[in-house]
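Structure, as structure tokens:
The values are calculated or read from the model by the stated rules, or taken from the named source; none is laboratory data. What you see is a predicted model; the values in this text were computed from it and never measured. Glycine also receives a Cβ, built like all others from the backbone with ideal geometry; neighbour counts cover every protein chain displayed. Surface areas here come from the heavy atoms of the whole protein model, side chains and all, with no ligands, DNA or RNA. Shrake-Rupley method; radii C 1.70, N 1.55, O 1.52, S 1.80 Å.
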Amino acid sequence: FVEMRGPLGDLTISWSKSTVFKAQAAMHFDRLSMIVAGSGVTPMIQILQDWVARGVAKTAANLKLELLYAVRFEEDLAFHNELLQLAKAFPSNFKLLLSVSQPRDPAWA
């Protein structure tokens, strides 16, 4: 069962332990999946930067983040290197899924 909502306007995520634990207890989740396309990745980058800066990436082992990022062409991937670095730095907590719908380079096909 997947419950989805949005977009709903402003987005605020509080990474405080009490807030995350309360939300997990109320909604029974262990994964936060973000699905974005094109420039819609920008707010998610800010969320991920905050996740790292506040230390949640290292301390909340029971919370996994996934980012499915879709673009038309591979050169449209904004923040590509930064996202790859995050995936490498936090392999057990962050999963990056890239989708290129019209790849120009056969390596993306």
- Note on the structure: Expected field for residue 94, accessible surface area in Å² at 1.4 Å probe radius, rounded to 10, holds 10
- Message: Multiplying the sequence separation of residue 47 and residue 88 by 0.36 nm and subtracting their Cα-Cα distance, what value in nm do you get?
- Response: 13.0 nm
- Message: What FRET efficiency comes out for residue 72 versus residue 26 if R0 is 35 angstrom and r is the Cβ-Cβ distance? Round to the nearest 0.05.
- Response: 0.40
- Note on the structure: So for R0 = 25 Å, FRET eff. of residue 36-residue 58 from the Cβ-Cβ r, to 0.05, ends up at 0.55
- Note on the structure: In nm, the gap between the two label points placed 7 Å beyond Cα toward Cβ at residue 79 and residue 109 is 3.1
